Amino acid sequence: MKPRAYITRRLPQAAIDIVSAACETTLWDDEANPVPRETLLRAVADVDGILTLLTDRVDTELLAAAPRLKVVANMAVGYDNVDLPALTARGVLLTNTPDVLTETTADLVWALILAASRRVVEGHRLIAAGGWTTWSPMFMVGQDVHGATLGIVGAGRIGSAVARRAVGFGMPILYHNRRPSPSLEAQIGAIPGAVIRYAPTLDDLLSTADVVVVLVPLTPETRGMFGAREFALMKPTSVFVNASRGPVVCEAELIEALKRGRPWAAGLDVFEHEPIGADHPLLALPNVVLTPHIGSATVATRTRMAVVAATNLVAALTGQPVPNPVNRVEVKGEGRDGGT
Ligand code: DGY
């Protein structure tokens with residue numbers, strides 16, 4: 001018998017076809033809305049694998065509802081929606097979708113850097129409101145991006161793609177990770193004109209960089225990493241960009257800091273509680289540019305992510321090598337009758 005799989009959202013057909021070819025597949029057939037929790041808990045009662053999104057909470061409650069579960073294939077590179085220790089303790093494999101979204105997400109980071117530094121959205125809003133009356137010397141002046149120092153907090157795959165683009169803008173690059181990355185320095189340092197340096201402390205990076213980009217995963221250590229103290233260390237001309245996870249930033253403290261003008265502006269793709277509504281206090285500030293968690297949202301990349309997640313799921317359930325395992329567990333048995 002084929003293994004059973006549940007897909008928690010309508011995905012691009014190519015991904016559904018991959019899962020359906022190998023598994024008895026059930027799908028929450030809605031693209032725009034997450035599967036209700038109760039429906040999900042019922043649906044996983046006899047499945048061997050689930051293809052999840054970052055809107056699905058995969059926790060001990062879900063594990064208890066899914067006694068046959070062997071694999072969770074998350075369609076994202078981040079997996080803070082998943083209780084990884086609980087999965088590992090139960091012997092359930094987690095997979096993610098790294099690499100395929102790296103360049104696309106780096107592009108969005110740059111959209112935020114440029115839009116926040118050069119007041120692109122504020123300018124658009126001003127014109128739409130009929131507020132453009134003349135040209136004047138200091139009208140809508142922003143901050144230069146070219147030549148500014150770029151600080152990357154959490155320089156992994158996406159950070160390194162952001163850094164590569166920065167060389168074209170003539171920006172010296174500072175990065176802060178738990179430890180220096182010789183491979184990142186070699187990769188960026190090989191680009192003619194590139195300057196890259198490790199910042200041994202976050203404080204060092206914050207007080208030196210003109211543009212601060214946050215790309216750390218959300219973990220117990222990074223939750224609340226940026227608050228009033230960190231913003232006070234930044235330059236009064238600095239631009240802050242977060243494209244990782246919202247809870248890495250204390251949003252209320254960021255709002256107060258932006259009101260005081262330090263950072264000078266912010267570009268945010270992620271928020272403490274998503275989705276945010278039209279009444280969110282960030283929207284009342286002129287010096288912010290907000291996007292609705294769309295770092296990886298291009299047709300090609302979201303399709304690739306879905307296909308990668310589907311491929312991971314099927315590989316795990318059919319005894320093939322799994323391309324993107326997150327934890328180390330042995331997936332026991334092939335199909336429904338080989339289960340534990
Ligand atoms: C991820 O992959 O973690 C993003 O947040 C969605 O692309």
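If you take the residues of segment 104-132 that are charged (D, E, K, R) and away from the ligand (no atom under 16 Å from the Cβ), which of them is most open to solvent (accessible area, probe 1.4 Å)?
Per the stated criteria, the residue is R118.
Looking only at segment 158-190, count how many residues are exposed (fewer than 14 other Cβ atoms within 10 Å of the Cβ), of a type outside the set (G, A, S) and closer than 23 Å to L101 by Cβ.
The total comes to 1.
For segment 165-191, what are the residues that are in contact with a helix residue (DSSP H, G or I) (Cβ under 8 Å, 6 or more places away or on another chain) and farther than 26 Å from L218 by Cβ?
Listed by number, the residues that qualify are V167, I191.
Give the residues of segment 17-40 that are more than 24 Å from K2 (Cβ to Cβ), outside any loop (DSSP other than H, G, I, E, B) and either touching a strand residue (DSSP E or B) at 6+ places or on another chain (Cβ under 6 Å) or open to solvent by 70 Å² or more (accessible area, probe 1.4 Å) (or both), sorted by residue number.
If the condition is that a residue be more than 24 Å from K2 (Cβ to Cβ), outside any loop (DSSP other than H, G, I, E, B) and either touching a strand residue (DSSP E or B) at 6+ places or on another chain (Cβ under 6 Å) or open to solvent by 70 Å² or more (accessible area, probe 1.4 Å) (or both), then E38 is the only one that fits.
When you go through (1) in contact with a strand residue (DSSP E or B) (Cβ under 8 Å, 6 or more places away or on another chain); (2) under 16 Å from N96 (Cβ atoms); (3) of a type in the set (A, V, I, L, M) one by one for A43, which number turns out not to apply?
That leaves (2) as the condition not met.
How about segment 84-103: which of its residues are more than 18 Å from R4 (Cα to Cα), crowded, with 20+ Cβ neighbours inside 10 Å and more than 16 Å from the ligand (Cβ to nearest atom)?
Of everything in segment 84-103, just one residue is more than 18 Å from R4 (Cα to Cα), crowded, with 20+ Cβ neighbours inside 10 Å and more than 16 Å from the ligand (Cβ to nearest atom), namely L87.
Of the conditions (1) touching a residue at least 40 places away in the same chain (Cβ under 8 Å); (2) open to solvent by 30 Å² or more (accessible area, probe 1.4 Å); (3) not in a helix (DSSP H, G or I), P67 clears all except one; give me its number.
Of (1) touching a residue at least 40 places away in the same chain (Cβ under 8 Å); (2) open to solvent by 30 Å² or more (accessible area, probe 1.4 Å); (3) not in a helix (DSSP H, G or I), only one is false for P67: (1).
Somewhere in segment 287-301, is a residue at pLDDT 95 or above, assigned to a helix (DSSP H, G or I) and more than 16 Å from the ligand (Cβ to nearest atom)?
no
Give me the pairs, please: first residue somewhere in segment 15-27 and in the same structural domain as V308 (by TED's automatic domain parsing) and free of Cβ contacts under 8 Å to residues at least 24 places away in the same chain, second residue anywhere and open to solvent by less than 10 Å² (accessible area, probe 1.4 Å) and assigned to a strand (DSSP E or B), beta-carbon distance under 7 Å, and either six or more positions apart or on two chains.
T25/A5; T25/I7; T26/Y6; L27/I7
May I ask you to list the residues in segment 248-291 that are within 22 Å of A111 (Cβ to Cβ), in contact (Cβ under 8 Å) with a residue 12 or more places away in the chain and open to solvent by 70 Å² or more (accessible area, probe 1.4 Å)?
E274, P275, P286
When you go through V329, V308 one by one, which is the residue that is in contact (Cβ under 8 Å) with a residue 40 or more places away in the chain and more than 16 Å from the ligand (Cβ to nearest atom)?
Exactly one residue qualifies, and that residue is V329.
The values are calculated or read from the model by the stated rules, or taken from the named source; none is laboratory data. Predicted model, so just to flag it, every value in this text is computed and none were measured. Here the Cβ is made from the backbone with ideal geometry for all residues, glycine too, and neighbour counts use every protein chain on show. For accessibility, only protein heavy atoms count, side chains too; no ligands or nucleic acids. Shrake-Rupley method; radii C 1.70, N 1.55, O 1.52, S 1.80 Å.
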